[in-house]
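Asks: Handing you this structure, nothing more for now.
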Amino acid sequence: MERSILLQPQPEELFNKYLENDVRADERKMGEMRDIQMKPGVISNAHGSARVSIGNTVLICGIKAELTKPSPEEPGRGLIIPNVELPPLCSPIYKSGAPCEKAQTATKFLDNLLKCTNIVDTEQLCITRDVLTWVLYADIICINYDGNLLDASVTAILLALANVKLPMVKVNEDEESDEITMDDTKTFQLNIKSLPISSSFATFDKYILRDPTRKEEAMTTGMVTYVVDEDDNIVYTEKNGGDMMTEKMSMSCIKRSRDHGGRVRKSLQQFNTTTTNDEQMNEDADEIYDMMKMNEDADGNR
């Protein structure tokens with residue numbers, strides 16, 4: 001629980017009184033989202049990137065591509081490996097060192113989502129079956145944390161994947177050494193086949209708070225996230241803690257998720273693969289991304 005909340009007198013009762021009047025600390029209604037901002041192409045030295053903010057929660061996603069041998073289980077496919085980081089710079093509640101539980105949970109959520117949906121057909125990452133393929137490392141770094149990590153992470157990785165440009169690679173199989181040639185002047189973009197959008201809700205007693213802030217997450221007892229595709233199908237759900245939701249509560253969340261999915265998907269499609277011309281934002285993103293990658297190299301994480 002947040003220190004600032006603990007210092008308040010009877011915080012649970014105070015929180016409950018606000019909710020009884022359909023009021024939140026930031027003056028939103030319980031079913032209201034914060035503003036979402038998104039920018040593709042914010043990291044110059046990544047193969048694809050994006051910056052996404054939901055309210056005061058700000059993330060950057062950088063995608064680096066490396067060549068590797070395909071796995072024996074899937075010799076004709078590449079890999080997309082997500083990783084979510086909550087460094088100390090995003091909030092004083094997070095410390096340096098091993099990934100915290102929230103970061104690990106978000107990473108697992110994205111990994112499951114990529115595997116169970118058809119966002120990217122990983123066959124397009126394979127260059128030569130059984131010989132060479134691309135692996136995409138999607139690093140999502142939180143710059144400022146104020147709740148709702150999952151929704152921001154999903155939007156960031158979708159926009160960054162749509163921004164990916166990979167050089168053309170050929171394998172000369174006539175040579176004994178399987179000589180590889182790479183042409184950086186010719187690139188191809190990923191075919192994004194689906195845009196599943198997530199919507200998260202915090203639960204507290206009989207109340208449901210859409211898009212919770214950090215302090216609201218600390219006060220509430222559970223979280224539920226619905227992921228909706230273009231056809232309004234629920235393609236993935238995750239619930240952590242809290243009491244069992246009634247059918248009425250679940251249907252209300254699903255309806256809001258479908259409405260939200262349509263709006264965010266429209267915004268993502270309008271960006272397509274453009275890049276932002278905000279030089280200061282790009283420089284800041286480059287600096288943060290490079291710093292985190294240097295720390296990873298020093299720790300031997302990859």
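The values are calculated or read from the model by the stated rules, or taken from the named source; none is laboratory data. Just so it is clear, the structure is predicted and the values come from calculations on it, not from any experiment. Note that each Cβ is placed from the backbone with ideal geometry, even for glycine, and that neighbours are counted across all protein chains shown. Areas reflect the complete protein model, heavy atoms only, side chains present, ligands, DNA and RNA absent. Shrake-Rupley method; radii C 1.70, N 1.55, O 1.52, S 1.80 Å.
Asks: So in the range 207-228, with the set limited to residues that are part of a loop (DSSP other than H, G, I, E, B) and out of contact with any helix residue (DSSP H, G or I) (no Cβ under 8 Å at 6 or more places or on another chain), which one is most open to solvent (accessible area, probe 1.4 Å)?
Replies: Thr221
Asks: Can we say Ser252 is modelled with pLDDT of 95 or more and surrounded by 15 or more Cβ atoms within 10 Å (Cβ to Cβ)?
Replies: So Ser252 fails the test.
Asks: Right, here's the next one. Looking only at the range 32-46, which residues are of a type outside the set (S, T, N, Q) and either at pLDDT below 90 or in contact with a helix residue (DSSP H, G or I) (Cβ under 6 Å, 6 or more places away or on another chain) (or both)?
Replies: Listed by number, the residues that qualify are Met38, Pro40, Val42, Ile43.
Asks: Still on this model: Scan the range 32-49 and report the pairs whose first residue is more than 11 Å from Asn163 (Cβ to Cβ) and without any contact (Cβ under 8 Å) to a residue 40 or more places away in the chain and whose second residue is open to solvent by 50 Å² or more (accessible area, probe 1.4 Å) and of a type in the set (D, E, K, R), with Cβ atoms within less than 9 Å and a gap of 6+ or a chain change.
Replies: Cβ pairs passing all conditions: Gln37/Arg51.
Asks: When the residues of the range 115-137 are filtered to those that are touching a Lys or Arg at 6+ places or on another chain (Cβ under 6 Å) and assigned to a helix (DSSP H, G or I), which remaining residue is least open to solvent (accessible area, probe 1.4 Å)?
Replies: For the range 115-137, the residue satisfying everything is Thr122.
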